[in-house]
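Heads up: the structure comes next, in structure tokens.
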Amino acid sequence: MPLLVRLILALLSLALGAGMAAVAVLLGLYFYYAPGLPPVDSLREVRLQTPLQVYTHDRRLIGEFAEQRREPVPIAEMPEQLLQAFVAAEDERFFRHRGVDPVGLLRAGINLFSTGERTQGGSTITMQLARNFFLTRERTYERKIREIFLALQIERELSKEQILELYLNKIYLGQRAYGIAAAARVYFGRSLDELELDQMAILAALPKAPSTTNPVTSPERAQNRRNYVLRRMLELGLISPEEHASAVARPVLSRLHVSAPEVDAHWVAEAARQIVFNLWGEDAYVRGLRVFTTIDAAAQEAANAALRDGLLEHDQRHGYRGPELSLDEAVVRSPEDRRQALIGIGVRGRMLFPALVLESDENGIVVDTAGLGEKRLGNDDLAWARPAQTRISDWLKRGDVVRIQPTTDGGWRLSQMPEVAGALIAQAPEDGAILALAGGFDFFDNRFDRALQAERQPGSAFKPLIYALALQDGMTPASTLVDAPLVFSDPALGAEWRPENYSRSFRGATTMREALANSRNLASIRLLNSIGVNQTHDDLGRFGLNLAQHPRNLSMALGTGTLTPVELNNAYVVFANGGRLTTPWLIGRIEEVDGTLLYQAPTARTCPEPCTSPAGQTLQLATARGPLQYADPVPTLEPGVAWQMSQMLGGVIRSGTGRRAMELGRGDLAGKTGTTNSYRDAWFAGFNAELAATAWIGFDDNREMGSRETGGRAALPIWMGFMQRVLAGTPEAPVPRPEDLVEIALLPDTGERTTDDDPRGRREWLLPEQIPERSTRVPSATDDDGAGGRRDAQPEFIF
């Protein structure tokens, strides 16, 4: 046998042996690692992490919660040219190999042998998918072996299209964006079908190094990688020379596009998040839940605007506190440095912009803003803040950072962040649904939700509850009370007590209607003593209140207990809906990302009749503090009593402490002011038959707000601003009068019944059990039966 032939046979034998040895090694490695490999068939049922999204009732986004930004998209909706860009950049033989590319592995091996560095991994798209779903990112030989075997298994289980779809929805592309749809939104603010070729190439260039080559942080590196992807597409015949030249010539223009809420309702979104988190824990942030609240978008924006306007008005009544801070001259001289400084300070309340004073003279100031350019504010724009007898340059200097706000005529005026806090809450009387909720001036400045969590004294805004219970007990709006000085020696109060009216004046005999309209403290205390403190305290449960938060003594008539704005508002809902107690509720519907219904409140507001209950209907959505799950309204007051209260509280607006609300030009509104000692809290709660709203204002640390900052001055304008916006163009909706009320004539001085033709008589609508046979004068302490009241014992009166 010739030597050459023997050499060839030897080489063939050696190659065969080496091949068999390699096969044996591979088989050995497979049987060694196979038992520890995860089952790849789970990829068929994979659920990609998608964020929790919270919406208004009318399906407008108000919040999104997740650690990852992701928008899963089926491959049929991905542009063909985008798929080609990723394949060209990451795995040009993707559609030809079976999960592992020998050429790529060989190239990586040669690189490792020649450089001693693992700079090329030889990973296919399938291998990357295996790593992203099942493995860590540690760079070890053992992980690479597992990656290879998993890729081979994945190719047996899934089609190429399924693999590519999972990969493009899973891959991390920087800036917390996972998947190509999320990356398109983040970097370009576009959907996939709106992307240009050069933008597709930028996305395809990101998987190698998303943190260092993304177009926001490293536009030059992003451009180099983009051009590489475009060159590969040209070489593979995927784009024409003309397309290549056009795309390469385009500049890299990118900035962060974060999904901004369509409606400013961050406190609502946070309340909904807490409820959903209590149900599903951390899983709530990744399973793509969509939560539809009861919030009305227009009402919410009206609440935001009204509350912010009211807080700024109060704050500016008490003077300018000066610049927020001052910047060094070196920063002021650098346009970029001062821009970054102002961006860091940030806009507050969507209306207060930070501005840097560049010049100040006798005619005003020139300020620089981040992104809005330079603005000149004249003397009129500074007038409210300017101290008397001073030059502008004495109190505003170059380098000072101030706040400015836009004016209705397109200009700007000096402003400042209000120190005072406030809240506004609105509900639908029909079922108690929360329609609007503003927990303060700016959520990102202070996340404390005052509408749901602030326990404050309601002051005289609490009186209607006492008056309603008196009507329920048989008294009438015409019943006579005594408004005169009194002193109590009340063991429950621990000392002698000398209550006073706000005006320090007295009216003598007065009707319940007049006493409530003018918020007479002394008459209200006598009323509570008459109907009985203990029974009245127990009956506060009719309004859904926590009895432990309210004193069991006569000071209760003046609102010395504590409650939250939502609790007070929900109590007033009873007057607006005919005497039914509702539960404030916020969550109307919860869906999976695919539309599967998990929860739906069983009410016509969220589902058509008949309202069927899905499997998840039994979810308990109530939380320890916060909006509760829907519950059917329950009767708690006589409908006639609720209507009488609506009429009496209408008198508060027509002729009492809330008469400023007459400026709204409506006859269907009713409500009550509330002010606490030393002007620490100011309230207005009011309603018609279709909307109940409460405004509160005060300092978080409970300090005094300033002289004469009453409910009518500080809170009522907030309520009016909200009602004006929401009710504009709507017909009047007074609370309807129940049919069982009877119209009779009463003598105004004594409350005695008289004949219909008596010219002294005043017409009143009463329940049959309220119709008097003789005088309805409230008994005094000297002529009661010794029990100190009509229903239970009370402290001794001392006159």
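Go through 323-332, 691-700 and give me the packing order, highest mean Cβ count within 10 Å leading.
691-700, 323-332
What ³J(HN,Hα) values, in whole Hz, does the Karplus curve 6.51 cos²θ - 1.76 cosθ + 1.60 give for segment 287-301 when θ = phi - 60°, with x put for Gly and Pro?
With coefficients 6.51, -1.76 and 1.60, one gets 9, x, 5, 10, 10, 9, 8, 8, 5, 8, 4, 5, 5, 5, 5 Hz.
Out of ASN363, THR390, ILE343, whose Cα points farthest toward the positive end of the dipole of segment 338-429 (charges: +1 Lys, Arg; -1 Asp, Glu; placed on Cβ)?
Value computed over the given set: ILE343.
Taking H placed 1.01 Å from N in the peptide plane, check which residues at least 5 places from ASP483 or on another chain put their amide H under 5 Å from its amide H.
Here the answer is ARG507, GLY508, ALA509, THR510, since their amide H atoms fall under 5 Å of that of ASP483.
Which whole-Hz ³J(HN,Hα) couplings does segment 224-230 yield from phi under the Karplus relation 6.51 cos²θ - 1.76 cosθ + 1.60, θ = phi - 60°, glycine and proline marked x?
4, 5, 4, 5, 5, 4, 5
Using a 1.4 Å probe on the protein heavy atoms, what percent of the accessible area of segment 161-316 belongs to carbon and sulfur?
47 percent
What is the packing order of peptides 305-317, 639-651, 158-170, taking the mean over residues of other C-beta atoms within 10 Å and listing the highest first?
Ranking, from highest mean packing down: 639-651, 305-317, 158-170.
Rounded to a whole number, what % of the accessible area of segment 718-767 do carbon and sulfur atoms account for, probe 1.4 Å?
The value for segment 718-767 is 48 percent carbon and sulfur by accessible area.
Roughly what would the spin-label model give for TRP280 and SER246, points 7 Å off Cα along C-beta, in nm?
4.3 nm
Please report the equivalent ellipsoid semi-axes of segment 546-589, computed as sqrt(5 x eigenvalue) of the Cα gyration tensor, largest first, in whole Å.
Working from the Cα gyration tensor, I get semi-axes of 24, 13, 8 Å.
Tell me, what is the FRET efficiency for ASN227 and ARG654 to the nearest 0.05, using R0 = 56 angstrom and their Cβ-Cβ distance as r?
So the FRET efficiency works out to roughly 0.15.
Once amide H atoms are built 1.01 Å from N in the peptide plane, which residues 5 or more positions from TYR599, or in another chain, come under 5 Å H to H?
ILE590
List the residues whose amide H sits under 5 Å from the amide H of VAL735, counting only those 5 or more places along or on another chain, with H placed 1.01 Å from N in the peptide plane.
ALA689
Whole number in Å², please: accessible area per residue of segment 690-747, 1.4 Å probe, ligands, DNA and RNA not counted.
Counting only protein heavy atoms, the per-residue value for segment 690-747 is 44 Å².
On a full-extension model of 0.36 nm per residue, what is the gain between ARG386 and ALA260, subtracting their alpha-carbon distance, rounded to one decimal in nm?
Fully extending the segment from ARG386 to ALA260 adds 41.7 nm.
Take the alpha carbon atoms of segment 638-749, find their radius of gyration, then divide it by 2.2 N^0.38 Å using N residues; give the quotient.
1.19
For an R0 of 35 angstrom, estimate the FRET efficiency from the Cβ-Cβ distance between ARG339 and GLU235 and round to the nearest 0.05.
Efficiency, from the Cβ-Cβ distance: 0.25.
Report the full-extension gain for the segment LEU597 to ARG60: residue separation times 0.36 nm, less the Cα-Cα distance, to one decimal in nm.
Working it through step by step, the gained length comes to 191.5 nm.
Could you derive backbone 3J(HN,Hα) for segment 328-335 from the dihedral phi with the Karplus parameters 6.51, -1.76 and 1.60 (θ = phi - 60°), listing whole Hz in sequence and x where the residue is Gly or Pro?
3J(HN,Hα) across segment 328-335, in whole Hz: 5, 4, 4, 6, 4, 6, 9, x.
Could you give the size of the charge dipole of segment 193-308 about its Cα centre, using +1 on the Cβ of each K and R and -1 on the Cβ of each D and E, expressed in debye and rounded to the nearest 20?
My answer is approximately 520 debye.
Of the options PRO261, ALA222, ILE239, report the single residue whose Cα projects farthest towards the positive end of the charge dipole of segment 189-267 (beta-carbon charges: Lys, Arg +1; Asp, Glu -1).
So the residue furthest toward the plus end is ALA222.
Can you tell me the length gained on complete extension of the stretch ARG498 to PHE699, counting 0.36 nm per residue apart and subtracting the Cα distance?
Difference between extended and current length: 69.7 nm.
In whole angstrom, how long is each semi-axis of the equivalent ellipsoid of segment 185-236, when you take the square root of 5 times every eigenvalue of its Cα gyration tensor and sort them from largest down?
16, 15, 8
The values are calculated or read from the model by the stated rules, or taken from the named source; none is laboratory data. Computed from a predicted model, the values in this text were never measured in an experiment. Cβ sites come from the backbone with ideal geometry, for glycine too, and all protein chains shown count toward neighbours. Heads up: the accessible areas ignore ligands, DNA and RNA and are worked out on the full protein's heavy atoms, side chains in. Shrake-Rupley method; radii C 1.70, N 1.55, O 1.52, S 1.80 Å.
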